[in-house]
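Visitor: Sharing a structure, written as structure tokens. Questions coming.
Here, each number is a calculation from the coordinates, and none is a lab measurement. On a predicted model such as this, the values are computed, not experimentally measured, just so you know. Cβ coordinates were reconstructed from backbone atoms using ideal geometry, including for glycine residues, and neighbour counts include every protein chain displayed.
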Amino acid sequence: MAKRVKIRVFRYNPAHDTDARYDEFEVEAERWTTVLDALLYIKAHKDHSIALRYSCRMASCGSCGMLINGIPRLACYTKVYELGSDVVTCRPLPNFPIIRDLAADFTAFFAKHKSMKPYIINEVAESIDGREFIQKPEEVEKYLQFSYCIKCGLCYAACPTVATDRRFPGPQALAQMYRYLIDSRDKATDERLRIVDDRHGVWRCHFAGSCSMVCPKGVDPALGIQLLRAYLLGMNRDSKVVAELYRREPK
Amino acid sequence: MVRESSIMKIHYYTGLAAIVLVAIHILFRLTVPEGYSASLEYENVIANYKNISYSLVLELILVTVAIHGFNGLRVILLELRQGDGWESAVKWLCIAGAVAVIVYGTRTILLASMMG
């Protein structure tokens, strides 16, 4: 059964507006209506000037992150009914500059991600020549969950340290650092550790855990950060064995 | 330049050491035959400093707490504001603060131990 809900949309254009405001719209929401569905209905039928970012509508692209009723969530992955409220307030993600309305600027976020060198560094891989790295299932397990990150920025928006320290890389970047550090195909361990072993690096995490609470893909960035710290302290250095190249023999 | 991981190792170790040393200090106060209140009387407190081992425990508490505390303050201040000038000032102020507290506290321990 459909219910009428009030959608409050944050409106602000830094180029023109001095103050932000909320515009309110009434929409009919079915059990399956997501917040993104409601916003796109408003954009199509009530106010086409609302700015928001979206793409896949199925929690794969990570574009439609926003603060929904005070919690960073993906609009396409949040049903209006599950919020348990007749009022749905949508704001842009905190800790990001605002481009316009619900669209946030991810430039600094992606720059921090890039600074972590999120790719395998291994000179042997350059001359792979038909061979391949063999990884045991337990070696894959070490980084698998962190590879599910879709870079939606929800963890970054929820992080209290990012809110106060603009040089802190944030949970997404640090979790990705651990993902590549612990990958047995990667050989740039010292180079990676130097990047995060900084006064604004991995040590500034307060372990609030809010990053892991809001991740829509079940990644636990707080765990990644603690494992990265433990690695720097020399507590789990034995856990990484660098893989070698093997030629798969035809059966 | 000292790596942040080395500083944080010192931070964790001094924190753990401070817990153990303060526990020893409190246990000494609780286990004196005259009772806890009597152990805090002036003569008894001064007498503690005559015991070299106990003075050493007090000195270690002073050093560990000063290092741990001032590094904690440095971390808080680095998070409060960012900028190379600010961060350099915070670093040197915290080092100076820790050294000043340790020197002043050591002087107190030495004077008390030498009192007649």
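Visitor: Most fluctuating residue of B:A89, B:A100, B:A66 in a GNM of chain B with Cα springs under 10 Å: which is it?
Guide: Comparing B:A89, B:A100, B:A66 in the GNM, the peak value goes to B:A89.
Visitor: Please list, ordered by chain and number, the residues whose modelled amide H lies under 5 Å from the amide H of A:I134; skip anything fewer than 5 residues away on the same chain.
Guide: A:E244, A:Y246
Visitor: With θ set to phi - 60° and the Karplus curve 6.51 cos²θ - 1.76 cosθ + 1.60, what are the ³J(HN,Hα) couplings of segment A:9-26 in order, to the nearest whole Hz, using x for Gly and Pro?
Guide: Listing the rounded values in order: 10, 5, 10, 6, 10, x, 6, 10, 8, 8, 10, 7, 8, 10, 9, 10, 9, 9 Hz.
Visitor: Okay, moving on. When the Cα centres of segment A:201-215 and segment B:64-83 are compared, how far apart do they sit, in Å?
Guide: Centre-to-centre distance over Cα atoms comes out at 19 Å.
Visitor: A follow-up question, please. Taking amide H positions as placed 1.01 Å from N in the peptide plane, with prolines and chain starts having none, which residues 5 or more places from A:I99, or on another chain, fall under 5 Å of its amide H?
Guide: Answer set, sorted by chain and number: A:A104, A:D105.
Visitor: In the structure displayed, which of A:K3/A:K114; A:K6/A:K117; A:K240/B:K9; A:K3/A:K112; A:K217/B:K91 lie more than 32 Å apart, Cα to Cα?
Guide: A:K3/A:K114; A:K6/A:K117; A:K3/A:K112; A:K217/B:K91
Visitor: Specify, per residue and in Å³, the volume enclosed by the convex hull of the alpha carbon atoms belonging to segment A:1-104.
Guide: Taking only Cα atoms, segment A:1-104 has a hull volume of 94 Å³ per residue.
Visitor: So which cysteines of chain A have no other cysteine's Cβ under 4.7 Å from theirs?
Guide: A:C64, A:C76, A:C90, A:C149, A:C152, A:C159, A:C205, A:C215
Visitor: For A:C61, A:C211, which order do you get if you count the other beta carbons within 10 Å of each Cβ and list the fewest first?
Guide: In increasing order of surrounding Cβ atoms, one gets A:C61, A:C211.
Visitor: Tell me whether segment A:107-245 comes out rounded, prolate or oblate; compute the Cα gyration tensor, take square roots of the eigenvalues as a ≥ b ≥ c, and use a/c under 1.5 as the rounded threshold.
Guide: The shape class here is prolate.
Visitor: Whole-Hz Karplus ³J(HN,Hα) for segment B:4-10, in order, using 6.51 cos²θ - 1.76 cosθ + 1.60 and θ = phi - 60°, x for Gly and Pro?
Guide: Values per residue, Gly and Pro as x: 4, 5, 5, 4, 6, 4, 4 Hz.
Visitor: Ok, one more. Taking neighbour Cβ counts within 10 Å as the exposure measure, how do B:M114, A:M116, B:M1, A:M66 sort from fewest upward?
Guide: So the ranking, lowest neighbour count to highest, is B:M1, B:M114, A:M116, A:M66.
Visitor: Looking at chain A, what % of the alpha carbon pairs are farther apart than 25 Å?
Guide: Of all Cα-Cα distances in chain A, 50 percent exceed 25 Å.
Visitor: Over segment B:36-104, what lengths in whole Å, largest first, do the semi-axes of the equivalent ellipsoid take, defined as the square roots of 5 times the eigenvalues of the alpha-carbon gyration tensor?
Guide: 35, 12, 9
Visitor: Between segment A:13-35 and segment A:42-109, what's the alpha-carbon centroid distance in Å?
Guide: 9 Å
Visitor: Something else now. Could you tell me, in Å, what Rg and Dmax come out for the Cα atoms of chain B?
Guide: Rg then Dmax for chain B, in Å: 17.3, 55.
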